[in-house]
1. Among bridges DSSP assigns within the stretch 8-122, what percent are antiparallel (round to 5)?
2. So how far apart, in nm, are the two label points at Ala98 and Arg158 if each is 7 Å from Cα heading toward Cβ?
3. Quick check: the angle from helix 50-63's long axis to the longest principal axis of the chain, C-alpha only, nearest 10 degrees?
4. So what is the relative contact order of the chain, in percent, for Cα pairs below 8 Å that sit 6 or more residues apart?
5. What does the net charge come to around Gly104 if you take all other residues with beta carbon closer than 14 Å to its beta carbon, with K and R at +1 and D and E at -1?
6. Please report, in Å, the Rg and the Dmax of the stretch 7-92, where both are computed over Cα atoms only.
7. Can you compute log10 of I(q)/I(0) for the chain with the Debye formula, treating each Cα as one identical point scatterer, at q = 0.18 Å⁻¹?
8. Regarding the stretch 101-174, what are the three Cα extents along the principal axes, ordered largest first, in Å?
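Here, each number is a calculation from the coordinates, and none is a lab measurement. Bear in mind that the values here come from a model prediction, so they are computed numbers and not experimental data. So basically every Cβ, Gly included, is an ideal-geometry build from the backbone, and we count neighbours across all protein chains shown.
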Amino acid sequence: MNPPAALLPALRAIVGDAHVLTEGDLTGYELDWRKRERGKSLAVVRPASTAQVAQVVQACAAAGVSIVPQGGNTGMVVGSTPDASGTQIVLSLTRMNAVRALDGGNLTITVEAGCVLQNLQEVCEKAGFLFPLSLASEGSCTIGGNLGTNAGGTQVVRYGNTRELCLGLEVVTA
Ligand SMILES: Cc1cc2nc3c(=O)[nH]c(=O)nc-3n(C[C@H](O)[C@H](O)[C@H](O)COP(=O)(O)OP(=O)(O)OC[C@H]3O[C@@H](n4cnc5c(N)ncnc54)[C@H](O)[C@@H]3O)c2cc1C
């Protein structure tokens with residue numbers, strides 16, 4: 001199925017020309033971490049806010065185009081790369097990497113989906129706290145991907161999987 005020709009211009013209007021990637025080397029988005037599967041995306045789209053994510057999802061849903069969310073692309077099961085059809089959008093959350101707030105009184109931290117796990121750990125450590133999720137990919141993986149996979153890591157027996165560390169989510173649905 002060919003997506004409506006208007007989709008790519010619509011996506012560019014939402015996130016800006018520079019953040020709808022269709023050309024050049026897209027290996028980092030289209031090749032899975034274990035280098036077993038190489039996909040082909042219609043475009044890689046990189047929103048900067050929840051509002052932009054919502055608009056991108058709405059535009060893709062209207063066009064009947066499926067979306068593959070992607071964080072650090074360190075997953076081991078080819079869940080974060082597109083198939084080979086060239087019809088799927090990779091929705092990369094890496095620009096949404098802010099730490100929004102740390103509440104020491106309530107022992108909570110609020111971060112965007114694309115926040116790299118190591119950044120989150122370091123912000124907590126500087127404030128005198130431990131964020132216990134730790135895995136060898138922590139310099140690249142994102143909290144959105146950690147939640148998507150319910151990652152465990154080296155301290156899972158003591159502190160639980162990522163879902164045990166999460167109090168709430170802001171979610172965009174189709
Ligand atoms: C060296 C190494 C060590 C690892 N060690 C461990 C380990 O100890 N324990 C463990 O559990 N895993 C481990 N992993 C696997 C991987 O790092 C984790 O699964 C990690 O949680 C994936 O995060 P990511 O940001 O790279 O997600 P991605 O690989 O980008 O995505 C993973 C899945 O989550 C979805 N997703 C990503 N972001 C979002 C979002 N914002 N919203 C909705 N869905 C989203 C994707 O579509 C995909 O299905 C390891 C990987 C490597 C390379």
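1. Details: 7 of 15 bridges.
About 45 percent, rounded to the nearest 5.
2. Result for the modelled spin labels: 3.3 nm.
3. Here the helix axis deviates by roughly 40 degrees.
4. Values: 310 pairs, mean separation 32.9, N = 174.
So the answer I get is 19 percent.
5. Values: positive: Lys126; negative: Asp103, Glu125.
Taking every other residue near Gly104 into account, the sum is -1.
6. Gyration radius and largest Cα-Cα distance of the stretch 7-92: 12.1, 34 Å.
7. -1.14
8. 38, 25, 21
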